[in-house]
Amino acid sequence: MLDFLTEATPTSINLHTTWPPRDWKHTVKNWARNFTIAGLYLKTDKILDEIGRSYHMTRENVRQIVKKVVIAIHTNSSQEMQERFSRESFNYRKPLSLAIRKRILKATTAHLFESPC
């Protein structure tokens, strides 16, 4: 998916006409925020929860923003890019980071290592 995004990323000026704009400044701000969120999710090890906490959003809102940005980029890209990277080939799921997997493992197996008193 990153290959598609690096080759087909249009500017926000091309994309802000995709949805009916409310206030021009508001629309540009939202696009900038949404592209930042999508970039954090797709180019770093951060997961939906971590990004959501920093933007005061739920993980579902972050997932929807990432999906919306990728679809908008795909829709506004050239026909050749759309054929090379079909929309169905995108996988928006990301494995949990190692630190979070360790925390979950510790929380779910803590009762196994407790000594009965």
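The values are calculated or read from the model by the stated rules, or taken from the named source; none is laboratory data. The structure presented is a predicted model; accordingly, all values stated were derived computationally and were not measured. Cβ: placed from backbone, ideal geometry, glycine included. Neighbour counts: every protein chain shown.
Remark: pairs (first residue in region 26-38, in contact (Cβ under 8 Å) with a residue 12 or more places away in the chain and aromatic (Phe, Trp, Tyr); second residue surrounded by fewer than 18 Cβ atoms within 10 Å (Cβ to Cβ) and in a helix (DSSP H, G or I); Cβ separation under 8 Å; 6+ apart in sequence or on different chains) = TRP31/SER12; PHE35/SER12. Of the residues making up region 66-83, those that are assigned to a helix (DSSP H, G or I) and touching a residue at least 40 places away in the same chain (Cβ under 8 Å) are VAL70, ALA72, ILE73, HIS74, THR75, MET81. Take the conditions (1) closer than 29 Å to ARG101 by Cβ; (2) among the hydrophobic types (A, V, I, L, M, F, W, C); (3) at pLDDT below 85; VAL28 misses just one of them, which is (1).
Considering each of ARG53, ARG101, ARG63, ARG33 in turn, give the residue that is exposed (fewer than 12 other Cβ atoms within 10 Å of the Cβ) and either in a loop (DSSP other than H, G, I, E, B) or at pLDDT 75 or above (or both). Exactly one residue qualifies, and that residue is ARG101.
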